[in-house]
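Presented below is the structure to which this report refers.
The values are calculated or read from the model by the stated rules, or taken from the named source; none is laboratory data. Keep in mind that this is a model prediction, so the values were computed, not measured. Neighbour counts run over all protein chains shown; Cβ positions are idealised from the backbone, glycine included. Keep in mind that these areas ignore ligands, DNA and RNA; they rest on the heavy atoms of the full protein, side chains included. Shrake-Rupley method; radii C 1.70, N 1.55, O 1.52, S 1.80 Å.
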Amino acid sequence: AFNGLLERLAHSLRAQRTFMADASHQLRTPVSVVRTAAQVMLSREARTEAEYRESLDVVAKQAARLTKMVDDMFMLALADADARPLQKAPLYLDEVIDDVVDEARLLAAKREITLGAESAGETPFVGDEHLLRQLLMNLIDNAIRHTPAHGTIVVSLTGHAGSLTVAVTDSGSGIAPGDGGRIFDRFVRFDPPGSQAGAGLGLPIARWIAEAHAGTLVLESTGPNGSRFL
């Protein structure tokens, strides 16, 4: 039993060191971009208004990226420490899905992607609405980033034998063979180099939220015609 305890502690320390190393690597890029933008602007005494605006736009985008990354890492830290208790309350899951889909349609429209929701009607549920919205938005955002223009994304809600299933199905190019087992690992990204995607924490957070509600989150299928998470 003592050896088992030591092994669990060692595993926890290794995981913590890996997390810190990965986090430092992810934070380094936006910090470097902000520092470089400031240094370039300060290298000459006079700059045009357009140059200042362009530089500040770069700083603002990187600051927003940093904020999202820090918020996600804080969420995972709380989850690891069991310090984020669920604030459960009665709600209608179909209404939550409809609201999140409506909010995400603007993001999908920018990529010329059709985003829709399907449900069988009123679906009472007890859960943490804020976290459930984050779970759905993370999955939809992931689908949008991997679906080409004129593609489709459908968020569906079905019930059977006392259980509920929420599925996010896209018409993207799918996940490469061998990568399906890594998509829920922290800081794992499959976006093209130089993209403005997140730090690879969206799916790990989504899975934690699902498990915190006594559910699961899995990649049910993937291929050249799209992927399906449920």
Expressed in square angstrom to the nearest 10, the accessible area of HIS11 with a 1.4 Å probe stands at 110
Two pseudo-spin positions, 7 Å from Cα along C-beta at ALA109 and at ASP71, lie apart in nanometres by 2.2
Any residue on another chain or 5+ positions along whose placed amide H is under 5 Å from the amide H of ALA117 is listed here as VAL155
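So what is the relative contact order for the chain, in percent, with contacts set as C-alpha pairs under 8 Å and at least six apart?
17
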What 222 nm value per residue comes from the helices of the chain, counting each DSSP H run with n ≥ 4 as -39,500 (n - 2.57) and dividing by all residues, nearest 500 deg cm²/dmol?
-> -18000 deg cm²/dmol
Orientation-averaged projected area, Cα convex hull of segment 73-138 (nm²) = 5.5
If one takes the longest principal axis of the Cα atoms in the chain, at what angle in degrees, from 0 to 90 and to the nearest 10, does the Cα axis of helix 2-42 lie?
-> 40
Accessible area per residue in Å² at 1.4 Å probe, computed on the chain | 60
Tell me, what is the percent relative contact order of segment 35-157, built from C-alpha pairs under 8 Å that lie six or more residues apart?
-> 26
Looking at THR114, PRO224, THR169, which one has the Cα that reaches farthest to the positive end of the dipole of the chain (charges on Cβ: Lys, Arg +1; Asp, Glu -1)?
-> PRO224
Between VAL31 and ASP80, what is the label-to-label distance in nm when each label sits 7 Å out along the Cα-to-Cβ direction?
-> 1.7
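Assuming 1.567 mPa s and 4 °C, estimate D for segment 1-87 with Stokes-Einstein, Rh taken as the Kirkwood radius over Cα pairs, in µm²/s.
Translational D for this selection: 80 µm²/s.
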Taking the dipole of the chain about the Cα centre (Lys, Arg +1; Asp, Glu -1; charges at Cβ), the one of SER43, HIS150, HIS11 that reaches farthest to the positive side is SER43
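Let's test the formula: R0 of 25 Å, r as the Cβ-Cβ distance of LEU42 and ALA64. What FRET efficiency results, to the nearest 0.05?
Here the calculated transfer efficiency is 0.70.
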Vicinal HN-Hα couplings computed from phi for segment 84-89 (Karplus, 6.51 cos²θ - 1.76 cosθ + 1.60; Hz; Gly/Pro x) = 10, x, 6, 9, 7, 7
